[in-house]
Each structure stands twice: as structure tokens, then as C-alpha cells.
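Data block below; observations after.
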Amino acid sequence: KQNDIFRALLKNMPIGIFMVEAPTGKPLVANEVAMNILGRGILPNVTGENISEIYDAYKLPNMEKYPVKELPIVAGMEGKSLHVEDMVVKRPDGTESLLEVIGTPVIDKDGKVVASIVNFQDITKRKESERELKESEERYKVLHEASFGGIAIHDKGYIIECNKGMSDITGFNYEELIGMNGLILISDKTRDIVKGNISAGYEKPYEVTGIRKNGEEYPLRLHAR
């Protein structure tokens, strides 16, 4: 009954599970997800020394064969836990996946390491999304900082982000502007106009009187989105 429960658990886990005997490195268990990710099942003649070679594992960024001593499954056999996100596995059909792998030792009641278990998942798409997001953020930052006009994002009037142009125009530095009520940057003479336009969601450009950090007033054109 315990074996049936164990098999059902392995089968329904959404991540790959792979277990090897310690200290030999002989594979004991691999669930279906693990076999699909690796493109292989439990293979004969696998040891702790050749597991990286047989399962075709590589280390980023240089795509060198994954050093045996740095494998989470080998760390588990040595009684240590290890988490990596830089392992690329090549399948026999030529496809490959970037894996997040966590290795953990299996210890018996006497404190002896009897096995090592790793759980892993394909993070290729996640890393691709993270890379695209980072590139998008970098493009936004370049555009944001290159804008000659002042740009501010506010929440209920309080500035939560702004560009260098805002500092150049107002005389306040970035740290001073973040969290500031933007109405402080508008002269008393035209502050009610800005309040009314914010409330109405007015989007056409309009002119008011701004006030710099040094108290100087100046003509200011606002355009909201």
C-alpha cells in the first residue's frame, strides 16, 4: 500500500524527481516528468562520477560539461543540499532545456546518507520571459532618461516614478521627488486648475505656473495620460 501511494505521488508530481543510491550514484527512481525532461529513463552503468556525462548535462554560461562536484545530486550523496539554475540538459533528439535543480540527501534513522534525491523543472520559458522583461525595462529606462521633458508617474497626486527631466526642471533631485505630492510643484495661482483636471481625467495639454525648489515661478505645460 505504501508503495502504491509512493508511485501515485511520483506520477502526479508536476516536477521531475530523480533518486540515486549513496554512495554509488546508481539510479533508483525517476518519475515520468523527469524522464520527459531528460529524454531518458533510468540508465544502466550510471555512477556518481559519470552521471553528468551520461545524462548530457552542461553548465552555463560556457556550456562546459557540468562539473561532477557541483551537481546537486552529488552534493546530496555527500549529505549537503544544493540549489542551481544553470544546468542545461541535452536530450537524445537534439532538444535541450534549462533546469532549476534542487538536491537533498536522504538520511536513515542512524544519520547515514543512503540516497540523494533531486527535484527539477524546465525553466527555459521562465528565463526567456525574465530576459525579455529585463530588456524591456532597460529600453524603458533609456527612453525615460533620454526624454528632455519632465515625466512623472503619480498615484493620487503622489509621485512614484520620474525621469531626470523632472529634476532638471524643478531643481529637486530624484530622491526628493519620489513620494512628493506633485501639487507642491505647482504655484498656488494655478493649483486648483491642476486639481480639477486630475479629478476630471483631463488629457489635453494645458498651461499652468510651476514653482521650482528655489521658489522661482515659471510657465509650465502639463499633459496627462
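Apart from one condition, GLN2 fits all of (1) at pLDDT below 95; (2) under 24 Å from GLU130 (Cα atoms); (3) open to solvent by 50 Å² or more (accessible area, probe 1.4 Å); the exception is (2). Selection of first residues in region 82-101 that are within 11 Å of ASP56 (Cα to Cα) and open to solvent by 30 Å² or more (accessible area, probe 1.4 Å) and of second residues that are assigned to a strand (DSSP E or B) and of a type in the set (S, T, N, Q), restricted to Cβ pairs under 8 Å at least 6 apart or on distinct chains, gives the following pairs, ordered by first then second residue: ARG91/SER97. When HIS144 is tested against (1) modelled with pLDDT of 90 or more; (2) not in a loop (DSSP other than H, G, I, E, B), exactly one condition is not met: (1).
Of everything in region 113-158 that's polar (S, T, N, Q) and over 30 Å from ASN36 (Cβ atoms), which residue is least open to solvent (accessible area, probe 1.4 Å)?
Out of the qualifying residues, it is SER147.
The single residue among GLU49, GLU70, GLU64 that is within 25 Å of LYS112 (Cβ to Cβ), exposed (fewer than 15 other Cβ atoms within 10 Å of the Cβ) and under 31 Å from the mean Cα position of the chain (by Cα) turns out to be GLU70.
Look at region 44-63: where a residue is without any contact (Cβ under 8 Å) to a residue 24 or more places away in the chain and a partner is of a type in the set (Phe, Trp, Tyr), sitting 6+ places away or on another chain with Cβ atoms under 7 Å, you get SER52/TYR66. Picking from residues in region 23-45 that are surrounded by 18 or more Cβ atoms within 10 Å (Cβ to Cβ) and within 24 Å of LYS112 (Cα to Cα), the one that is nearest to the chain's Cα centre (by Cα) is ALA30. Go through region 159-192 and give me each residue that's among the hydrophobic types (A, V, I, L, M, F, W, C), assigned to a helix (DSSP H, G or I) and open to solvent by 20 Å² or more (accessible area, probe 1.4 Å). If the condition is that a residue be among the hydrophobic types (A, V, I, L, M, F, W, C), assigned to a helix (DSSP H, G or I) and open to solvent by 20 Å² or more (accessible area, probe 1.4 Å), then MET166, ILE169, LEU183, ILE184 are the ones that fit. What are the pairs with Cβ atoms under 7 angstrom where one residue, in region 204-225, is within 18 Å of SER167 (Cα to Cα) and polar (S, T, N, Q) and the other, located anywhere, is open to solvent by 40 Å² or more (accessible area, probe 1.4 Å) and not in a strand (DSSP E or B)? Sequence gap at least six, or different chains. From residues that are within 18 Å of SER167 (Cα to Cα) and polar (S, T, N, Q), the pairs are THR209/LYS189; ASN214/GLY171.
The values are calculated or read from the model by the stated rules, or taken from the named source; none is laboratory data. Note that the structure is a prediction, hence the values are computed from the model and not measured. Here Cβ is always computed from backbone atoms with ideal geometry, including for glycine, and neighbour counts include all displayed protein chains. Accessible surface is based on the protein model in full, side chains and every heavy atom, while ligands, DNA and RNA are left aside. Shrake-Rupley method; radii C 1.70, N 1.55, O 1.52, S 1.80 Å.
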